[in-house]
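The values are calculated or read from the model by the stated rules, or taken from the named source; none is laboratory data. From a predicted model like this one, the values you see are computed outputs, not experimental measurements. Here the Cβ positions follow ideal geometry from the backbone for every residue, glycine too, while neighbour counts run over all protein chains shown. What goes into the accessible areas is simple: the full protein's heavy atoms, side chains included, and nothing from ligands, DNA or RNA. Shrake-Rupley method; radii C 1.70, N 1.55, O 1.52, S 1.80 Å.
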Amino acid sequence: MSNKTRPAWLEKKINLRDCSSMKSLLRGLALNTVCEEAACPNISECFGRGIATFMILGKNCTRKCRFCNIGKEKPSEPDSLEPYNIAEAVAHLKLRHIVITSVTRDDLPDGGSGHFAGTIKAIRKTACKASIEVLIPDFKADIDAIKKITDAAPDIINHNVETVPRFYPEIRPEAGYKRSLDVLRTAKALSADKIYTKSGIMLGFGETVEEVLSVLNDLSQARCDLLSIGQYLAPSRAHYPVKEYIKPEIFDYYREKALMLGFKFVKSSPYTRSSYLADEYLSKAAAPR
């Protein structure tokens with residue numbers, strides 16, 4: 001299906017005026033958000049509510065996933081002031097829930113895990129009582145790198161599988177489906193069940209219902225607690241094309257199936273993104289069902 005023929009339920013409007021004050025603060029502190037770099041369709045809603053997902057370790061990724069809008073140029077050296085600038089922004093904005101993510105940095109010895117840990121610790125040192133979620137790359141499933149994250153004790157460790165295994169060679173050639181499951185499994189084990197784990201999958205690449213249900217089962221077996229399911233929207237004609245626009249009722253179906261598998265909370269809709277309304281996951285997961 002052509003990207004020009006989006007159905008009515010995917011006609012979300014972006015109001016850039018809602019983004020101006022947040023953008024001004026972020027630029028003043030030399031901070032990046034994945035909201036902007038990934039061209040997220042929820043940007044005006046989240047920025048207008050004072051919610052942002054901070055992207056650390058620069059704007060350029062060492063991998064070349066075909067669905068992603070993040071830059072692919074040579075990465076810059078990590079900014080040693082970045083953790084403190086993020087902590088300052090968090091305190092200024094009085095955020096209740098913070099998401100910290102990054103580009104993949106295979107060029108760094110620890111994949112950037114120490115920078116993640118430093119950012120978590122810098123936020124904890126402020127008077128801010130916000131909960132913290134990290135959306136991490138796979139760190140090549142290195143146990144020491146993942147342990148730096150769990151030792152820093154965020155409230156949620158998120159790592160997205162993104163798609164079904166069949167599409168990894170074409171869409172995520174430098175990643176591995178089993179490796180991503182291992183990251184989630186290792187994070188859960190190293191945290192002794194004290195940290196929620198989360199993952200996400202995009203639909204619309206041409207996957208079958210059976211393949212999606214198999215991924216949900218695999219994530220459940222990896223003891224993943226929280227799940228996001230959303231519609232893939234190609235950032236440009238140069239990216240992998242959308243093969244199908246999934247109807248809202250199908251997203252509802254997958255949500256029910258995931259809950260039956262034991263996930264503590266699931267968001268599943270066309271505009272769901274991993275970090276969209278991310279504060280809801282923690283509050284809903286902790287609530288009695």
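Surrounded by 18 or more Cβ atoms within 10 Å (Cβ to Cβ) and modelled with pLDDT under 90: is that true of L277 in this structure? So L277 does not fit the description; no.
Pick out the one residue from V266, V242, V209, V215 that is surrounded by 21 or more Cβ atoms within 10 Å (Cβ to Cβ) and out of contact with any strand residue (DSSP E or B) (no Cβ under 7 Å at 6 or more places or on another chain).
Numbers: V266 fails: out of contact with any strand residue (DSSP E or B) (no Cβ under 7 Å at 6 or more places or on another chain); V209 fails: surrounded by 21 or more Cβ atoms within 10 Å (Cβ to Cβ); V215 fails: out of contact with any strand residue (DSSP E or B) (no Cβ under 7 Å at 6 or more places or on another chain).
So the residue among V266, V242, V209, V215 that is surrounded by 21 or more Cβ atoms within 10 Å (Cβ to Cβ) and out of contact with any strand residue (DSSP E or B) (no Cβ under 7 Å at 6 or more places or on another chain) is V242.
Applying the set (1) on the phi > 0 side of the Ramachandran plot; (2) at pLDDT 95 or above to A192 leaves exactly one unmet item: (2). State yes or no: is S76 hydroxyl-bearing (S, T, Y), under 22 Å from A278 (Cβ atoms) and touching a strand residue (DSSP E or B) at 6+ places or on another chain (Cβ under 9 Å)? Taking the combined requirement at face value, the residue does not satisfy it.
For (1) of a type in the set (K, R); (2) within 25 Å of S113 (Cβ to Cβ); (3) free of Cβ contacts under 8 Å to residues at least 24 places away in the same chain, each residue gets a yes or a no:
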residue	(1), (2), (3)
E162	no, yes, no
A175	no, yes, no
R179	yes, yes, no
A189	no, yes, yes
E210	no, no, yes
A234	no, no, no
A238	no, no, yes
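So which strands (runs of 3 or more DSSP E) are wholly in segment 94-183 and hold at least 1 residues that are over 30 Å from E210 (Cα atoms) and open to solvent by less than 10 Å² (accessible area, probe 1.4 Å)? Can you show your working first?
Values: elements: 97-102, 131-135, 156-158.
Correct list: 97-102, 131-135.
Quick check: anything in segment 68-85 of a type in the set (A, V, I, L, M), in contact with a helix residue (DSSP H, G or I) (Cβ under 6 Å, 6 or more places away or on another chain), closer than 19 Å to A152 by Cα and buried (at least 17 other Cβ atoms within 10 Å of the Cβ)? Reasoning before the result, please.
Initial filter on segment 68-85 (of a type in the set (A, V, I, L, M)): 70, 81.
Those left that are additionally in contact with a helix residue (DSSP H, G or I) (Cβ under 6 Å, 6 or more places away or on another chain): 70.
Applying the additional criterion that residues be closer than 19 Å to A152 by Cα yields none.
No - not one qualifying residue is present in segment 68-85.
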